[in-house]
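Visitor: Next up is a structure, given as structure tokens.
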């Protein structure tokens, strides 16, 4: 059982402003003390949902496929022993990946196809890279990047286990990679920036977030992610699509980053359809007003779906022009 | 990182066919170091890969699938999985107990002729081991073993 920490008063106040409704706020903090159902994603590069379900049911596991359009997503209803999910032969052979359902949403929104050239800028541990490779049928190319050598090792191990053959793993700081790719004129038609963040949406799995959280941290991540998202957007082809996502709720790390892109680049925010309860991006925060299209961005709160919290925005690049050049 | 040219690729496929019955690899084969062979199924050309390799810090490309060992080829666990629909030679069937020991990372006390063996259990190919005539040596990576 993980220890629970009390949220700092400043975080409570911010969530009150974001959620407004008292019952909603109560639910948000209540569910933060609990754990959600475990979930897996069938690795369709190696097996089918039907085959895997049969094998797992033979172990006596109770399973649920919550979305008919995404049969590869499975919730584990049975109470398993700690670590049991990662110890099966099926896991060892790469037939499934243990992944929180909301963390599957960025790739569902990005819709990788066989001929796509994709950049996954902050890729480790590889949950979204392996999902993208499966969606693309190991075709096209994914450049999966991370900085830390230990995280690269985890990314590499997961890609091997899942039989991913279309991916190139690079080790660079995100901005440095974007600059290097720009210099050699490599462009992508799809990009995922699953940005480093304060992790407010991941509180059920990482309770220490409440201890480490500070408003300064939100500003630092926000400033860094504006640069990261901008540099990534420069690598996107015209009509290419980029998903910017975080597992946090702070507008500094989410809407403010998107607003920065809207103000500086020739882009359009796209609608996203996800199989979860979602809420619109917000149109103002403190003294800042955001573009009307921010409503197309998606906020996922953990108490709405009994899952992790997330933010996603899908951006289409209309041209290489920057706003001041128009 | 060195993409293999056609003669080298043919040599690899010929050896894979001789050992395991694998006849086709419709992908690029890349050599990392002296022995490691990785398979890349993506849409970048050799020239584009060289361009990336010259400009970026590349850790890996594609899947580590096989290793040259003294003029023979050992398939990795993931290489066995990748070619499972083509492998039809040197398959050795394990019982439940042997399979369990194999997946725990243990050598198997089985006396069969000396050669590389693809290990099968319940219609599943679960690795590639070297039969010395006295035992089958285990190559399941430590982090992939069942504890």
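The values are calculated or read from the model by the stated rules, or taken from the named source; none is laboratory data. Given the structure is predicted, the values throughout are model-derived calculations rather than measurements. Neighbour counts are summed over all protein chains in view; Cβ atoms, including those assigned to glycine, are modelled from backbone coordinates with ideal geometry.
Visitor: Among A:85, A:18, A:92, which is the only one that is in contact with a strand residue (DSSP E or B) (Cβ under 9 Å, 6 or more places away or on another chain), farther than 26 Å from residue A:249 by Cα and touching a residue at least 60 places away in the same chain (Cβ under 8 Å)? Before you say what the answer is, go through the steps one by one.
Guide: Working: A:85 fails: touching a residue at least 60 places away in the same chain (Cβ under 8 Å); A:18 fails: farther than 26 Å from residue A:249 by Cα.
The match here is A:92.
Visitor: When you scan the stretch A:305-315, do you find a residue that is farther than 21 Å from residue A:190 by Cβ, in a loop (DSSP other than H, G, I, E, B) and more than 16 Å from the chain's Cα centre (by Cα), even just one?
Guide: Taking the stretch A:305-315 first, the residues farther than 21 Å from residue A:190 by Cβ are A:305-309.
Okay, now just the ones that are also in a loop (DSSP other than H, G, I, E, B), so A:306-309.
Filter once more, so that each one left must be more than 16 Å from the chain's Cα centre (by Cα): A:306.
So far as the stretch A:305-315 goes, yes, one or more of its residues are farther than 21 Å from residue A:190 by Cβ, in a loop (DSSP other than H, G, I, E, B) and more than 16 Å from the chain's Cα centre (by Cα).
Visitor: Is it true that some residue in the stretch A:22-41 is within 14 Å of chain B (Cβ to nearest Cβ) and crowded, with 16+ Cβ neighbours inside 10 Å? Walk me through it before giving the result.
Guide: Step one: list which residues in the stretch A:22-41 are within 14 Å of chain B (Cβ to nearest Cβ), which gives none.
The answer is no, given that none of the residues of the stretch A:22-41 is within 14 Å of chain B (Cβ to nearest Cβ) and crowded, with 16+ Cβ neighbours inside 10 Å.
Visitor: Applying the selection to the stretch B:59-91, what residues are in a helix (DSSP H, G or I) and within 7 Å of another protein chain (Cβ to nearest Cβ)?
Guide: Start the filter on the stretch B:59-91 by keeping residues that are in a helix (DSSP H, G or I), which leaves B:77-82.
Selection gives B:78, B:81, B:82.
Visitor: Got a number for residues in the stretch A:171-184 being within 18 Å of residue A:151 (Cβ to Cβ), in contact with a helix residue (DSSP H, G or I) (Cβ under 6 Å, 6 or more places away or on another chain) and facing chain B (nearest Cβ under 7 Å)?
Guide: Of the residues in the stretch A:171-184, 1 are within 18 Å of residue A:151 (Cβ to Cβ), in contact with a helix residue (DSSP H, G or I) (Cβ under 6 Å, 6 or more places away or on another chain) and facing chain B (nearest Cβ under 7 Å).
Visitor: For the stretch B:61-80, what are the residues that are surrounded by fewer than 24 Cβ atoms within 10 Å (Cβ to Cβ) and under 18 Å from residue A:134 (Cα atoms)?
Guide: The one that is surrounded by fewer than 24 Cβ atoms within 10 Å (Cβ to Cβ) and under 18 Å from residue A:134 (Cα atoms): B:64.
Visitor: Mind listing just one residue for me: the one in the stretch A:185-199 that is part of a loop (DSSP other than H, G, I, E, B), within 13 Å of chain B (Cβ to nearest Cβ) and in contact (Cβ under 8 Å) with a residue 12 or more places away in the chain and, of those, nearest to residue A:117 (Cα to Cα)? Talk me through it step by step, then tell me what you get.
Guide: Step one: of the stretch A:185-199, the residues part of a loop (DSSP other than H, G, I, E, B) are A:185-187, A:195-199.
Filter once more, so that each one left must be within 13 Å of chain B (Cβ to nearest Cβ): A:185-187.
From what's left, in contact (Cβ under 8 Å) with a residue 12 or more places away in the chain: A:186-187.
On the way: A:186: 10, A:187: 8 Å.
The qualifying residue nearest to residue A:117 (Cα to Cα) is A:187.
Visitor: Still on this structure: Hey, can you tell me all the residues within the stretch B:129-147 that are surrounded by fewer than 14 Cβ atoms within 10 Å (Cβ to Cβ), within 8 Å of chain A (Cβ to nearest Cβ) and either in contact (Cβ under 8 Å) with a residue 12 or more places away in the chain or in a loop (DSSP other than H, G, I, E, B) (or both)?
Guide: The answer is B:147, and nothing else.
Visitor: Anything in the stretch A:56-66 that is surrounded by fewer than 17 Cβ atoms within 10 Å (Cβ to Cβ) and closer than 16 Å to residue A:92 by Cα? List them, or say none.
Guide: A:59
Visitor: Keeping to the stretch A:244-275, report how many residues are surrounded by 24 or more Cβ atoms within 10 Å (Cβ to Cβ) and in a strand (DSSP E or B).
Guide: Selection size over the stretch A:244-275: 3.
Visitor: Can residue A:52 be described as touching a helix residue (DSSP H, G or I) at 6+ places or on another chain (Cβ under 8 Å), within 12 Å of chain B (Cβ to nearest Cβ), more than 28 Å from residue A:316 (Cα to Cα) and in contact (Cβ under 8 Å) with a residue 40 or more places away in the chain? Show your work before the answer.
Guide: Values: touching a helix residue (DSSP H, G or I) at 6+ places or on another chain (Cβ under 8 Å): yes; within 12 Å of chain B (Cβ to nearest Cβ): no; more than 28 Å from residue A:316 (Cα to Cα): yes; in contact (Cβ under 8 Å) with a residue 40 or more places away in the chain: yes.
No: the conditions fail for residue A:52.
Visitor: Checking the conditions here, which among B:125, B:119 is within 11 Å of another protein chain (Cβ to nearest Cβ), within 21 Å of residue B:22 (Cα to Cα), touching a strand residue (DSSP E or B) at 6+ places or on another chain (Cβ under 8 Å) and in a strand (DSSP E or B)? Even if it seems obvious, please write down each step before you answer.
Guide: Values: B:119 fails: within 11 Å of another protein chain (Cβ to nearest Cβ).
Going through B:125, B:119 in turn, the sole match is B:125.
Visitor: Any residue in the stretch A:251-267 that's at negative phi: show its pairings with residues that are modelled with pLDDT under 95 and assigned to a helix (DSSP H, G or I) at Cβ separation under 6 Å, as long as the two are six or more apart or on different chains.
Guide: Short answer, once both residue conditions are applied: A:264/A:323.
Visitor: How many of the residues making up the stretch A:116-148 are closer than 21 Å to residue B:27 by Cα and within 11 Å of chain B (Cβ to nearest Cβ)?
Guide: Summing the residues that are closer than 21 Å to residue B:27 by Cα and within 11 Å of chain B (Cβ to nearest Cβ) in the stretch A:116-148 gives 13.
Visitor: Any chance the stretch A:200-211 includes a residue that's touching a strand residue (DSSP E or B) at 6+ places or on another chain (Cβ under 6 Å), within 19 Å of residue B:61 (Cα to Cα), more than 9 Å from every other protein chain (Cβ to nearest Cβ) and not in a strand (DSSP E or B)?
Guide: Just the residues of the stretch A:200-211 that are touching a strand residue (DSSP E or B) at 6+ places or on another chain (Cβ under 6 Å), to begin with: A:201.
Next, from what is left, pick out any that are within 19 Å of residue B:61 (Cα to Cα): none.
No, the stretch A:200-211 contains no residue that is touching a strand residue (DSSP E or B) at 6+ places or on another chain (Cβ under 6 Å), within 19 Å of residue B:61 (Cα to Cα), more than 9 Å from every other protein chain (Cβ to nearest Cβ) and not in a strand (DSSP E or B).
Visitor: Hey, another quick one. Please verify whether residue A:168 is part of a strand (DSSP E or B) and over 18 Å from the mean Cα position of the chain (by Cα), treating the condition exactly as stated.
Guide: Values: part of a strand (DSSP E or B): yes; over 18 Å from the mean Cα position of the chain (by Cα): yes.
Considered against the rule, which asks whether it is part of a strand (DSSP E or B) and over 18 Å from the mean Cα position of the chain (by Cα), residue A:168 comes out as yes.
Visitor: Filter the stretch A:149-165 for residues that are assigned to a helix (DSSP H, G or I) and at the interface with another protein chain (Cβ under 8 Å from one of its Cβ atoms); which is nearest to residue A:131 (Cα to Cα)? Break it down into steps so the answer makes sense when it comes.
Guide: Quick first cut of the stretch A:149-165, residues assigned to a helix (DSSP H, G or I) only: A:149-161.
Pick out the ones that are also at the interface with another protein chain (Cβ under 8 Å from one of its Cβ atoms) and you get A:152, A:156-157, A:159-161.
Numbers: A:152: 17, A:156: 14, A:157: 15, A:159: 10, A:160: 13, A:161: 13 Å.
Top of the filtered list is A:159.
Visitor: Could I ask something else about it? Please count how many residues of the stretch B:85-104 are crowded, with 17+ Cβ neighbours inside 10 Å and closer than 15 Å to residue B:16 by Cβ.
Guide: 2
Visitor: Considering (1) out of contact with any strand residue (DSSP E or B) (no Cβ under 9 Å at 6 or more places or on another chain); (2) modelled with pLDDT under 95; (3) at negative phi, say which one residue A:54 fails and leave the rest.
Guide: Residue A:54 satisfies all of (1) out of contact with any strand residue (DSSP E or B) (no Cβ under 9 Å at 6 or more places or on another chain); (2) modelled with pLDDT under 95; (3) at negative phi except (2).
Visitor: May I pose another question? Quick check on the stretch B:20-58: of everything there that is part of a loop (DSSP other than H, G, I, E, B) and within 7 Å of chain A (Cβ to nearest Cβ), which residue is surrounded by the most Cβ atoms within 10 Å (Cβ to Cβ)?
Guide: Looking only at the stretch B:20-58, we keep the residues that are part of a loop (DSSP other than H, G, I, E, B), and these are B:21-27, B:33-35, B:41-45, B:56-57.
The next check asks that each one be within 7 Å of chain A (Cβ to nearest Cβ); those that pass are B:27, B:41-44, B:56-57.
On the way: B:27: 19, B:41: 22, B:42: 24, B:43: 15, B:44: 20, B:56: 20, B:57: 15.
Residue satisfying both the conditions and the ranking: B:42.
Visitor: For the stretch A:79-96: of the residues being within 18 Å of residue A:49 (Cα to Cα) and more than 10 Å from chain B (Cβ to nearest Cβ), which is farthest from the chain's Cα centre (by Cα)? Give the derivation first.
Guide: Initially, the stretch A:79-96 is screened for residues within 18 Å of residue A:49 (Cα to Cα), giving A:85-86, A:88-96.
Cutting the leftovers down to more than 10 Å from chain B (Cβ to nearest Cβ) gives us A:85, A:96.
Details: A:85: 22, A:96: 18 Å.
Among residues in the stretch A:79-96 that are within 18 Å of residue A:49 (Cα to Cα) and more than 10 Å from chain B (Cβ to nearest Cβ), the one farthest from the chain's Cα centre (by Cα) is A:85.
Visitor: Select from the stretch A:104-148 the residues that are within 19 Å of residue B:42 (Cβ to Cβ), within 11 Å of the chain's Cα centre (by Cα) and part of a helix (DSSP H, G or I) and list them in ascending order.
Guide: Within the stretch A:104-148, A:107, A:110, A:128, A:129 qualify.
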